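The values are calculated or read from the model by the stated rules, or taken from the named source; none is laboratory data. Predicted model, so just to flag it, every value in this text is computed and none were measured. Every residue, glycine among them, receives a Cβ derived from its backbone with ideal geometry; neighbour counts consider all protein chains shown. Remember, those area values only see protein heavy atoms, side chains included, never the ligands or the DNA or RNA. Shrake-Rupley method; radii C 1.70, N 1.55, O 1.52, S 1.80 Å.
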Amino acid sequence: MSRTAAPPAAAPPRRPAPAGGARRPGPLRRLSPAARLAAAFLAPAIVLYLVFVLIPLVQSVWLSLHEWDGVNPVKTFVGLGNYLDLMDDRLFGVSLRNTLIWVGLGTAASLALALGLALLAWGTGRGFAVFRTLYFMPQVLPTVVVGIVWGWIYHPSFGVLNKGLEAVGLGSLARGWLGDPDIAVYAILAASVWASIGLSFVIFSAALNNVSAELLDAAKVDGANALQRFRHVIVPQLSHAVTLVTSLLLIHNFQAFDMVWVMTRGGPQNSTQLIATYTYQNAFADNQVGYGAALSVVLTVICLIVTVVFVRLRERTSEV
Amino acid sequence: MAVPTLTAPAPSPAPAPGKPPSRRRGWTTLRYVALIGAALVFVGPFVWIWISSLRESTDIGRDPFGLPTELNWDNYYNAFVTGRFGSYLGNTFLYVAFVVPLVLLLASMAAYALTLVRTRVTGLLFVLILLGVMVPFQSIMIPQYYVVRDLGLLGSYWGIIVPSLALGLPFGIFLMRAFFLTLPAELRDAARVDGASELRVFWHVMLPLARPGILSLAVFQFMFTWNAFLIPLLYGQHENLRPVASGIMFFVGEYNTDRAAIAAAVTLTCLPVIITYLFLQRYFIAGMTAGALK
């Protein structure tokens, strides 16, 4: 904190003390004008943040130690009971597995597709702006709308997917994509990946534009083939972008809720529940508020661990 | 030229002349076919919906991919009036009109304060705010629901506006702080020497210089407020409070056989964001990547 912009707090007051001297200077008056402005500027944001974000975050932990239906004035303290119940809850297992599929497979798929597209579009000159505009578009649309549109694509009787499969003679593969408990979660994930490629594509494209052309030419002159150039010249210069995109996608996939809620509400037979949707269902549909809070704490802890690990990784790669 | 030749010729010491031009052209064609194919995959579904919104529902059932025989604007009338989309759109505009300027103002003020006074206290505050950027909304939504209820905000417009505002602040402060940090402190000192008050320095000197940051935050917050789904699902249960993003769910539930009307509703929900995006694309992308890159 060497760059203290404000004059030191002990600086003499700019104006002489008010005549009469009856009023003792309050704590705020003793601050410099800059510090007083800062306090006034921070106050509204901090109050809102405390009441609606920080205190609820702490309360989540507190609620998770209780059994409560959301209505009864009395909350029963059960200690770690809710967490022990999680262990025996088959649906928690399903939602944890699905969340890990979203975070693992979803992140990997978005990453690979975005990188592939960025490499293809690299150096397309004026056309690039058009591709970027189109690829990024799903990213700005409401997830609800994406869910509805993909619900149409997967529709068993008039969806594009089944019609397309029939048209190329693969009609036997056609099915109700969102009605099959083994497939539904992957079908929804595909829609989510589709909608989240745009941002990764933009970041990768920006990074590719910074790849040193001199190094590439030098490698070419030295006889490195395309694959070698990709592996040894391009990839090392993209490492920062890769960790950045990965951490963004991880956070995005942990928070997934809308897409599942719109397309299946966690069904069929709860096969598409994520921790987020299962939390919502417990807390707001089944009146298991304490249990829902325990689920949300689990999500928070996993999310924070992963985020912190990736922030560390990013710091390390940026030092190289 | 990322992966120019998959069937690479034997490495020759003279690079360019050894490559047959036809293979080069073949590769370029292939590359553009793939890029255009991808563009169709991203935009096609929406074009399909827009076309469907001008057809008859019975026609869509018979042939999902046909073109409209005549432009059927009744679907929009149905969505707007029968499906209450007029009221949903009005609510969304109201939320945007309150949340976006308030987030901009409060986040800019707080971010400026964090860069103006750099002590251990403000450092700690910034770390706490970063926590708010990282945790998912689902981590706080349960107690937050009861906070909103106990404050008596449930069932009013404020019940959606105030939590949205509070949730927008952490990222807003994060983004604006990064912008204020790029401004030279000498500007501030020069204004002070000229006798400007601290408030004047902020409002007339520093804030105008942070304009690109404010614009990025504005489009980001606009998109976030327009698209928000879970907040209105929790706090806007009543029909009169629903914005388009959650209203469309109820619409789909009620009119699930009237596909043309659903298509019209989807189009109405997308159009304002798409138009804003096309005009302010630069700021959309900056807003979404800036937080990440800083």
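Taking B:Leu54 and the conditions (1) within 12 Å of chain A (Cβ to nearest Cβ); (2) of a type in the set (A, V, I, L, M); (3) surrounded by 19 or more Cβ atoms within 10 Å (Cβ to Cβ); (4) over 23 Å from the mean Cα position of the chain (by Cα), which numbered condition does it fall short on, given that it satisfies the others?
It fails just one condition, (1).
Identify the single condition in (1) at pLDDT 95 or above; (2) over 30 Å from A:Ile148 (Cα atoms) that B:Val100 does not satisfy, given that it satisfies every other one.
Unmet for B:Val100, out of (1) at pLDDT 95 or above; (2) over 30 Å from A:Ile148 (Cα atoms): (2).
Among the helices (runs of 4 or more DSSP H) contained in region B:90-182, which hold 2 or more residues that are charged (D, E, K, R)?
Filter on region B:90-182 gives B:141-150.
Counting only residues that are touching a residue at least 60 places away in the same chain (Cβ under 8 Å) and away from chain A (no Cβ under 11 Å), which one in region B:162-182 is nearest to A:Trp62 (Cα to Cα)? Don't jump to the end; show me each part of the working.
So the first thing to find is which residues in region B:162-182 are touching a residue at least 60 places away in the same chain (Cβ under 8 Å), and the list is B:163-165, B:167-169, B:171-181.
Those left that are additionally away from chain A (no Cβ under 11 Å): B:171, B:174-175, B:177-179.
Numbers: B:Phe171: 26, B:Phe174: 28, B:Leu175: 31, B:Arg177: 32, B:Ala178: 34, B:Phe179: 37 Å.
Taking the candidates together, the pick is B:Phe171.
Looking at this structure, is A:Leu199 closer than 30 Å to A:Leu161 by Cα and at pLDDT below 90? Before the answer, list the steps.
Working: closer than 30 Å to A:Leu161 by Cα: yes; at pLDDT below 90: yes.
For A:Leu199, the condition - closer than 30 Å to A:Leu161 by Cα and at pLDDT below 90 - is met.
Across region A:139-170, what is the total count of residues that are outside any loop (DSSP other than H, G, I, E, B), closer than 17 Å to B:Pro64 by Cα and not aliphatic (A, V, I, L, M)? Full working, then the answer.
We begin by selecting, within region A:139-170, every residue outside any loop (DSSP other than H, G, I, E, B); these are A:139-140, A:143-153, A:160-167.
Imposing the further condition that a residue be closer than 17 Å to B:Pro64 by Cα reduces the set to A:148-153, A:160-167.
The next check asks that each one be not aliphatic (A, V, I, L, M); those that pass are A:150-152, A:162-164, A:166.
Residues in region A:139-170 being outside any loop (DSSP other than H, G, I, E, B), closer than 17 Å to B:Pro64 by Cα and not aliphatic (A, V, I, L, M): 7 in total.
Could you tell me whether any residue of region B:269-286 is part of a helix (DSSP H, G or I) and either over 20 Å from B:Val100 (Cβ atoms) or touching a Lys or Arg at 6+ places or on another chain (Cβ under 6 Å) (or both)?
No, that holds for no residue.
Residues that are within 15 Å of B:Phe137 (Cα to Cα), in a loop (DSSP other than H, G, I, E, B), in contact with a Phe, Trp or Tyr (Cβ under 9 Å, 6 or more places away or on another chain) and at the interface with chain B (Cβ under 10 Å from one of its Cβ atoms): does region A:291-309 have at least one?
Looking for residues that are within 15 Å of B:Phe137 (Cα to Cα), in a loop (DSSP other than H, G, I, E, B), in contact with a Phe, Trp or Tyr (Cβ under 9 Å, 6 or more places away or on another chain) and at the interface with chain B (Cβ under 10 Å from one of its Cβ atoms), one finds none in region A:291-309, hence no.
Determine if region B:274-286 includes at least one residue that is hydroxyl-bearing (Ser, Thr, Tyr), at the interface with chain A (Cβ under 10 Å from one of its Cβ atoms), out of contact with any Pro (no Cβ under 8 Å at 6 or more places or on another chain) and within 22 Å of A:Gln255 (Cβ to Cβ).
Here is the first cut: in region B:274-286, the residues hydroxyl-bearing (Ser, Thr, Tyr) are B:276-277, B:283.
With the extra rule that they be at the interface with chain A (Cβ under 10 Å from one of its Cβ atoms), the set shrinks to B:276-277.
After this cut, where a residue has to be out of contact with any Pro (no Cβ under 8 Å at 6 or more places or on another chain) as well, the list is B:276-277.
This time we only want the ones that are within 22 Å of A:Gln255 (Cβ to Cβ), so: B:277.
Within region B:274-286 (the criterion being hydroxyl-bearing (Ser, Thr, Tyr), at the interface with chain A (Cβ under 10 Å from one of its Cβ atoms), out of contact with any Pro (no Cβ under 8 Å at 6 or more places or on another chain) and within 22 Å of A:Gln255 (Cβ to Cβ)), the answer is yes, since at least one residue qualifies.
From B:Val201, B:Val193, which residue is buried (at least 21 other Cβ atoms within 10 Å of the Cβ) and either at the interface with chain A (Cβ under 10 Å from one of its Cβ atoms) or more than 30 Å from B:Pro143 (Cα to Cα) (or both)? Break it down into steps so the answer makes sense when it comes.
Values: B:Val193 fails: buried (at least 21 other Cβ atoms within 10 Å of the Cβ).
Exactly one of B:Val201, B:Val193 is buried (at least 21 other Cβ atoms within 10 Å of the Cβ) and either at the interface with chain A (Cβ under 10 Å from one of its Cβ atoms) or more than 30 Å from B:Pro143 (Cα to Cα) (or both), namely B:Val201.
Regarding region A:280-288, can at least one residue be identified that is within 23 Å of A:Gly179 (Cβ to Cβ) and polar (S, T, N, Q)? Full working, then the answer.
Looking only at region A:280-288, we keep the residues that are within 23 Å of A:Gly179 (Cβ to Cβ), and these are A:280-281, A:285.
When the remaining residues are screened for being polar (S, T, N, Q), the result is A:281.
Within region A:280-288, one or more residues are within 23 Å of A:Gly179 (Cβ to Cβ) and polar (S, T, N, Q).
Looking only at region A:67-89, which residues are open to solvent by 30 Å² or more (accessible area, probe 1.4 Å), under 30 Å from A:Ser192 (Cβ atoms) and in contact (Cβ under 8 Å) with a residue 12 or more places away in the chain?
A:Tyr83, A:Asp85
Check whether at least one residue in region B:198-220 is among the aromatic types (Phe, Trp, Tyr), in a helix (DSSP H, G or I) and either under 24 Å from the mean Cα position of the chain (by Cα) or not assigned by TED's automatic domain parsing to the domain that holds B:Gly287 (or both), and report yes or no. Break it down stepwise before answering.
As a first pass, look at region B:198-220 and keep what is among the aromatic types (Phe, Trp, Tyr): B:202-203, B:220.
Restricting the remaining residues to those that are in a helix (DSSP H, G or I) gives B:202-203, B:220.
Keeping just the survivors that are either under 24 Å from the mean Cα position of the chain (by Cα) or not assigned by TED's automatic domain parsing to the domain that holds B:Gly287 (or both) gives B:220.
The answer is yes, given that some residue of region B:198-220 is among the aromatic types (Phe, Trp, Tyr), in a helix (DSSP H, G or I) and either under 24 Å from the mean Cα position of the chain (by Cα) or not assigned by TED's automatic domain parsing to the domain that holds B:Gly287 (or both).
Give the residues of region A:251-261 that are part of a helix (DSSP H, G or I) and either open to solvent by less than 20 Å² (accessible area, probe 1.4 Å) or facing chain B (nearest Cβ under 8 Å) (or both), sorted by residue number. Walk me through it before giving the result.
Of all residues in region A:251-261, those part of a helix (DSSP H, G or I) come to A:251-254, A:258-261.
Matches in region A:251-261: A:Ile251, A:Asn253, A:Phe254, A:Asp258, A:Met259, A:Val260, A:Trp261.
I'd like the full set of residues that are open to solvent by 10 Å² or more (accessible area, probe 1.4 Å) and either at pLDDT below 90 or within 8 Å of chain A (Cβ to nearest Cβ) (or both), limited to region B:234-252.
B:Gln237, B:His238, B:Glu239, B:Asn240, B:Met249, B:Phe250, B:Val252
Checking B:Phe65 against (1) of a type outside the set (S, T, N, Q); (2) modelled with pLDDT of 75 or more; (3) under 31 Å from the mean Cα position of the chain (by Cα): exactly one of these is not met. Which one?
It is condition (2) that B:Phe65 fails.
Sort out which residues of region B:253-267 are open to solvent by less than 30 Å² (accessible area, probe 1.4 Å) and not in a helix (DSSP H, G or I), and write them in order of number.
Across region B:253-267, there are no qualifying residues.
Does region A:42-85 hold any residues that are part of a helix (DSSP H, G or I) and modelled with pLDDT under 90, and which are they? Spell out the reasoning first.
Initial filter on region A:42-85 (part of a helix (DSSP H, G or I)): A:42-63, A:81-85.
Selection gives A:Gly81 alone.
Can you tell me which residues in region B:111-128 are among the hydrophobic types (A, V, I, L, M, F, W, C), at the interface with chain A (Cβ under 7 Å from one of its Cβ atoms) and open to solvent by less than 10 Å² (accessible area, probe 1.4 Å)?
Of everything in region B:111-128, those that are among the hydrophobic types (A, V, I, L, M, F, W, C), at the interface with chain A (Cβ under 7 Å from one of its Cβ atoms) and open to solvent by less than 10 Å² (accessible area, probe 1.4 Å) turn out to be B:Ala113, B:Leu116.
What are the residues in region A:224-246 that are in a helix (DSSP H, G or I) and among the aliphatic types (A, V, I, L, M), if any? If you could, list the steps in order and put the result at the bottom.
Initial filter on region A:224-246 (in a helix (DSSP H, G or I)): A:226-246.
Result: A:Ala226, A:Leu227, A:Val233, A:Ile234, A:Val235, A:Leu238, A:Ala241, A:Val242, A:Leu244, A:Val245.
Of all the residues that make up region A:139-197, how many are among the β-branched types (Val, Ile, Thr) and touching a residue at least 60 places away in the same chain (Cβ under 8 Å)? Spell out how you get there, then give the answer.
Applying the first criterion (among the β-branched types (Val, Ile, Thr)) to region A:139-197 yields A:140, A:143-146, A:148-149, A:153, A:160, A:168, A:183, A:185, A:188, A:193, A:197.
Going one step further and asking which of them are touching a residue at least 60 places away in the same chain (Cβ under 8 Å), we end up with A:143-144, A:146, A:148, A:185, A:188, A:193, A:197.
Counting residues in region A:139-197 that are among the β-branched types (Val, Ile, Thr) and touching a residue at least 60 places away in the same chain (Cβ under 8 Å) gives 8.
In region A:239-259, what residues are without any contact (Cβ under 8 Å) to a residue 60 or more places away in the chain, out of contact with any Cys (no Cβ under 9 Å at 6 or more places or on another chain) and among the aliphatic types (A, V, I, L, M)?
At the first step, the residues of region A:239-259 found to be without any contact (Cβ under 8 Å) to a residue 60 or more places away in the chain are A:241, A:248, A:251-252, A:255, A:257.
After this cut, where a residue has to be out of contact with any Cys (no Cβ under 9 Å at 6 or more places or on another chain) as well, the list is A:241, A:248, A:252, A:257.
Across region A:239-259, the qualifying residues are A:Ala241, A:Leu248.
Name the single residue that is most open to solvent (accessible area, probe 1.4 Å) among those in region A:90-129 being within 8 Å of another protein chain (Cβ to nearest Cβ) and part of a helix (DSSP H, G or I). It would help to see each step written out before you state the result.
Step one: of region A:90-129, the residues within 8 Å of another protein chain (Cβ to nearest Cβ) are A:117, A:119-124, A:127.
With the extra rule that they be part of a helix (DSSP H, G or I), the set shrinks to A:117, A:119-121, A:127.
Working: A:Leu117: 22, A:Leu119: 18, A:Leu120: 42, A:Ala121: 0, A:Gly127: 26 Å².
If we take residues in region A:90-129 being within 8 Å of another protein chain (Cβ to nearest Cβ) and part of a helix (DSSP H, G or I), then A:Leu120 is most open to solvent (accessible area, probe 1.4 Å).
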